[in-house]
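Have a look at the structure below before the remarks.
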Amino acid sequence: MTTTTDLGMPTTGTPDGLAHVPHLPQDEPKQTKRDFTSDQEVRWCPGCGDYVILAAVQSFLPDLGLRRENIVFVSGIGCSSRFPYYLDTYGMHSIHGRAPAIATGLATSRPDLSVWVVTGDGDALSIGGNHLIHALRRNVNMTILLFNNQIYGLTKGQYSPTSRPGTVTKSSPLGSVDAPFNPVSLALGAEATFVGRAMESDRDELKSVLRAAAEHRGAALVEIYQNCPIFNDGAFEALKDRTQQAARIVRLHSGEAVTVGTEEDRRVLVRTTGGGSEFVPEAEVGARDVVVHDAHADDPSAAFALSRLDTPEMSHVPMGIFRQVERPTYDDQVRAQVDAAVDTAGGPATDDDLQALLRGKDTWTVG
Amino acid sequence: MTSKTAQTLDRVVIRFAGDSGDGMQLTGDRFTSETAALGNDLSTLPNFPAEIRAPQGTLPGVSSFQLHFADHDVLTPGDAPDVLVAMNPAALKANIGDVPRGATVIVNTDEFTKRNLGKVGYETSPLEDGSLESWHVHPVALTSITVEALAEFSGLSRKEKERAKNMFALGLLSWMYTRPTTGTEQFLKSKFGARPEILEANLTALHAGWNYGETTEDFASTYVVAPAPMPPGTYRNVTGNTALALGLVSASHRAGRPLVLGSYPITPASDILHALSSMKRHGVTTIQAEDEIAGAGIALGAAYGGAVGVTTTSGPGIALKAETIGLAVALELPLVVVDIQRGGPSTGLPTKTEQADLLQVMYGRNGESPLPVIAAQTPADCFDAALDAVRIATTYRTPVVLLSDGYLANGSEPWSVPSVDDLPQMHVDLASEPNMTDDNGEPVFRPYLRDPETLARPWAVPGTAGLEHRIGGIEKADVTGDISYDPDNHEKMVRLRQAKVDGVTVPDVEVDDPTGDARILVLGWGSTYGPIAAATRVVRNAGQPVARAHVRHINPFPANLGDVLRRYDRVLVPEMNTGQLAMLLRSKYLVDVRSHTAIRGLPFTTVELAGAITTTLQEVQ
Ligand SMILES: Cc1ncc(C[n+]2csc(CCOP(=O)(O)OP(=O)(O)O)c2C)c(N)n1
Ligand code: SF4
Ligand SMILES: [Mg+2]
């Protein structure tokens with residue numbers, strides 16, 4: 001039989017994901033977008049949604065006030081994974097699907113870094129699915145940006161694990177028969193402590209979700225809907241189209257009722273007797289049980305239910321922060337165990353300490 | 001003290017064999033510790049099934065532990081046991097074939113029931129049908145005597161009492177070979193301290209076994225094996241995996257960089273993960289990853305951040321790590337990859353030894369992706385090999401593969417504990433400032449500007465102001481590290497990476513040729529060190545000159561290796577694979593080396609190798 005032991009309380013004493021990352025001194029001039037722009041020529045296709053996300057990130061990073069050298073972007077492989085080359089921070093363009101694992105090693109050994117992962121729907125959910133779920137469940141302090149274009153861009157347009165059923169591509173000429181993942185549902189099921197979603201084209205929403213994600217202590221996953229004009233153009237058009245947008249996008253605000261629609265035509269999410277929920281016109285709510293979003297609820301079930309409002313037809317798509325809870329992070333705890341062992345033994349190992357380790361407990365002497 | 005006669009022996013090989021649940025590995029370990037404390041030289045060979053609890057009393061469930069100890073230096077765990085302890089019919093049946101006639105066999109008669117005999121296909125009891133006539137058999141009712149000795153332990157069930165029978169056996173063998181039992185008593189106290197009755201029962205069984213030897217007439221004599229002359233020093237007994245873990249920690253200490261291990265459990269490598277997980281006091285971080293790919297990725301991520309990044313595994317895990325190791329080749333970051341080889345292909349023989357991953361670690365990656373390969377030679381040598389692996393990785397900013405195998409990993413030998421002051425110093429310089437000026441005379445950092453001597457690129461870790469840069473698996477432009485698809489640049493980078501590995505400084509291979517007139521050379525690598533040394537000793541003792549050499553560095557090979565190979569009329573290369581080193585030697589040096597190979601999951605025996613050497617000698621005469 002195995003035994004379990006009380007791990008004690010998390011030792012960082014802060015829910016701030018950037019607490020241990022050096023910040024710029026107050027009196028230094030604020031960084032600008034240019035400070036985060038590298039000298040590399042950006043090579044995405046014209047019109048690619050990745051440009052929009054890059055511009056948003058470059059202009060948002062100065063807001064964090066961190067030292068540039070303490071920011072690291074690690075990516076996998078895919079169009080989206082070229083991202084680090086264009087940012088003047090530290091960066092590693094690694095191999096397909098493995099960025100969360102590499103970032104885990106880096107984040108655990110270096111608490112002074114703000115670690116970001118950039119990944120695509122294929123990179124994160126297909127080849128790298130295993131690393132993604134384990135980074136989330138462990139709650140390693142990192143911010144994961146999942147660029148979801150519902151297609152494999154770099155390999156020229158095969159269907160991906162988020163493609164809608166029936167998607168016609170070169171590898172699915174009769175339509176794909178795969179059932180897709182909902183990345184938000186997946187992340188919630190994987191015990192993620194922070195899950196958000198934003199549209200590439202909605203810069204304000206994107207920045208505010210990114211900021212909350214960066215400041216979250218633990219693993220934060222942000223799904224970003226990204227258009228690939230070459231292989232999957234218009235995948236999110238229904239959400240961008242001004243005439244339909246309001247009726248489809250459900251903007252999540254913790255502590256507020258979940259609603260969709262415009263001032264004039266607002267619908268409110270209420271619970272049904274069968275344990276489900278439905279949107280009803282505001283005027284008809286009456287005494288019905290209104291769903292109030294609580295991103296900080298311990299139990300992820302309500303957030304999961306919200307993630308399921310989303311259907312392949314995108315009739316109701318929640319945007320914003322689904323879940324934002326505190327839980328001890330893996331890296332803080334790993335470091336705490338090492339630090340405690342070192343402290344208890346009286347500080348970093350000296351030559352004598354190493355000598356004692358080499359000798360062990362059972363020695364004998366000759367001569 | 002014993003009233004019986006004592007005979008002096010120069011060497012003994014004992015094999016403890018029983019059911020996996022009988023505690024034979026523990027018994028062997030304890031006997032080994034007692035023997036080490038006495039000052040004998042020794043070598044051990046644990047041999048256990050892959051199944052945790054194979055059906056009781058069956059042949060697949062047999063677990064054994066062999067120990068060779070002597071008053072002189074010991075090179076192998078011994079070909080054949082002088083004494084077999086068989087705890088049940090299965091253990092007897094599985095092992096008797098290795099025991100020479102005339103040797104001693106101690107059997108636990110209690111287990112020789114009709115049912116147990118039937119389980120392994122004995123129609124009649126070998127204890128009664130005369131089939132063991134040529135051996136010196138001691139029938140001992142080990143189980144019932146143990147239970148009887150524990151009659152007063154009313155709080156223990158019969159099953160719990162029976163479980164102490166391995167301590168009874170240990171006590172008996174300790175008496176026979178005059179081993180001190182104080183170490184074992186200490187050990188039991190620390191193990192069962194919280195359960196006083198179990199502790200007392202085990203101690204009682206241990207003493208009962210000792211007393212049994214002293215009082216029964218069946219055992220007429222005790223044996224004395226005098227301490228071996230060993231160089232002065234402080235010694236401990238280490239397995240290869242323990243030595244390897246200690247080597248990694250020592251290297252990290254000397255380099256002044258923290259050790260980060262990313263690993264996924266796999267036999268026979270897991271004990272390194274276990275050992276390092278309990279060394280947090282030395283600043284060691286261990287991360288049990290979700291799979292082997294992640295284990296390598298975690299180590300690489302930590303190395304990117306300035307740690308000594310290590311990943312440990314066996315052959316199947318190496319296959320999974322290949323792409324990440326290739327990334328480390330391209331990124332030119334230090335990464336230590338430890339492969340404790342086991343029988344393959346696929347799951348193969350998880351608990352048995354083999355040397356068949358050599359070509360996998362040399363070539364099992366896409367593209368031209370050379371990396372240094374080091375092989376440990378003996379359990380204790382795993383310590384030095386680990387230090388060497390970290391030295392090369394950090395000096396040259398490259399992944400390094402360190403090869404060990406199941407035989408070294410679990411086998412043990414006395415180790416002269418080095419003084420920390422005598423360990424090699426490791427100089428690790430992290431980049432801290434720009435290393436070039438651009439066309440405008442501005443200082444700039446170029447991540448792929450190489451050290452002219454080592455060809456290593458700078459190790460510039462995140463957090464260093466002014467050195468922000470991007471690296472990745474796409475081919476990089478020489479010096480700048482920018483993405484480059486230029487044909488000439490690619491050719492240059494491929495050759496630079498090769499030149500860097502080719503230029504790793506490794507010591508010359510030493511040839512052992514005492515008479516200086518040998519015409520044949522036996523050349524090995526890895527864990528065949530002991531068996532080859534023992535076999536050449538046998539051949540030399542028979543008056544035949546034979547030279548011997550062992551390569552620690554397989555990539556790059558020692559600079560003098562070609563000359564050494566060409567000096568002999570014939571070169572014999574024993575390997576536990578189908579000839580992988582031989583293939584490398586032939587292709588590189590165009591020397592017609594002869595392979596001697598065996599793929600049985602077991603180390604070579606001295607007799608077998610001596611035979612192969614003698615045959616080769618006859619061919620050149
Ligand atoms: C081991 C491996 N297998 C396959 C590939 C080929 N490959 C590169 S990117 C990619 C899919 C990328 O899709 P996604 O992650 O959605 O990124 P996008 O290009 O759409 O941004 C594939 C299959 C690879 N680079 N490595
Ligand atoms: S293929 Fe699609 S995702 Fe890739 S760069 Fe072009 S537009 Fe962007
Ligand atoms: Mg994609």
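Note on chain B: helix-only mean residue ellipticity at 222 nm, from DSSP H runs of 4+ residues weighted -39500 (n - 2.57) and normalised by residue number, equals -11000 deg cm²/dmol. On the accessible surface of the protein assembly as shown, probed at 1.4 Å, how many percent belong to carbon and sulfur atoms? Carbon with sulfur: 50 percent of the solvent-accessible area. Given +1 at the Cβ of Lys and Arg, -1 at the Cβ of Asp and Glu and no other charges, the dipole of chain A around its Cα centre is 820 debye to the nearest 20. Once backbone amide H atoms are built at 1.01 Å from N, residue B:572 has B:521, B:522, B:523, B:594 as its partners under 5 Å, excluding neighbours fewer than 5 places away on the same chain. Legend: residues in the stretch B:443-476 shielded by at least 40 square angstrom of accessible surface upon adding the remaining protein chains to the isolated chain (1.4 Å probe, heavy atoms) are B:462, B:463, B:468, B:470, B:471, B:474. Cβ under 11 Å from residue A:14's Cβ, residue A:14 left aside: what net charge do those residues give with Lys, Arg +1 and Asp, Glu -1? Every neighbour counted, the sum reads -3.
Using DSSP to define loop residues, name the trypsin sites (Lys or Arg not before Pro) in the stretch A:270-367 whose beta-carbon has at most 16 other beta-carbon atoms within 10 Å. Don't skip to the end; give the middle numbers.
Numbers: sites: A:271, A:288, A:308, A:323, A:335, A:359, A:361; in loops: A:288, A:308, A:361.
Those satisfying the criteria are A:288, A:308, A:361.
For the stretch B:299-313, heavy-atom accessible area (probe 1.4 Å) falls by no less than 30 Å² from the chain alone to the full protein assembly at B:301, B:304, B:305.
How large is the accessible surface per residue of the protein assembly as shown, computed with a 1.4 Å probe and reported in Å² as a whole number?
Values: 39180 Å² over 988 residues.
Normalised by residue count, the accessible surface of the protein assembly as shown is 40 Å².
Which of the aspartates and glutamates could be linked to residue B:114 by a straight reach, that is with a Cα gap under 20 Å, when you skip same-chain ones fewer than 8 residues away? Within reach: B:19, B:22, B:123, B:128, B:129, B:162. Taking 20 Å as the straight-line reach from the Cα of residue A:207, the lysines in range (excluding those fewer than 8 positions away in the same chain) are A:30, A:33, A:240. Placing a pseudo-label 7 Å from each Cα along the Cα-to-Cβ vector at residue A:345 and residue B:9 gives an inter-label distance of 4.0 nm. Interface between chains B and A: roughly 5300 Å² of accessible area buried, both sides summed (probe 1.4 Å, protein heavy atoms only). Computed over protein heavy atoms with a 1.4 angstrom probe, the accessible surface ordering of A:156, A:170, A:207, largest first, is A:170, A:156, A:207.
Charge tally for residue B:206 (other residues, Cβ to Cβ under 10 Å; Lys, Arg +1; Asp, Glu -1): 0. Counting only lysines at least 8 places from residue B:492 when in the same chain, those with an alpha carbon closer than 16 Å to its own are B:476, B:500.
Beyond 21 Å in Cα-Cα separation lie the following of the pairs B:4/B:93; B:93/B:159; B:161/B:189: B:4/B:93; B:93/B:159.
For the protein assembly as shown, the share of DSSP beta bridges that are antiparallel, to the nearest 5, is 40%.
For the pair the stretch B:6-21 / the stretch B:549-621, the C-alpha centres are spaced 32 Å from each other. According to the calculation over all Cα-Cα pairs in chain B, the P(r) per 10 Å bin from zero is 3, 15, 24, 23, 17, 10, 5, 2, 0, 0 %. Ranking B:74, B:39, B:7 by Cα position along the charge dipole of the stretch B:1-79, where only Lys, Arg, Asp and Glu carry charges on their C-beta atoms, puts B:7 farthest toward the positive end.
The values are calculated or read from the model by the stated rules, or taken from the named source; none is laboratory data. This one's a predicted model, so the numbers in the text were calculated from it and none came from an experiment. Glycine also receives a Cβ, built like all others from the backbone with ideal geometry; neighbour counts cover every protein chain displayed. We work out accessible area using only protein heavy atoms, side chains counted, and drop any ligands, DNA or RNA first. Shrake-Rupley method; radii C 1.70, N 1.55, O 1.52, S 1.80 Å.
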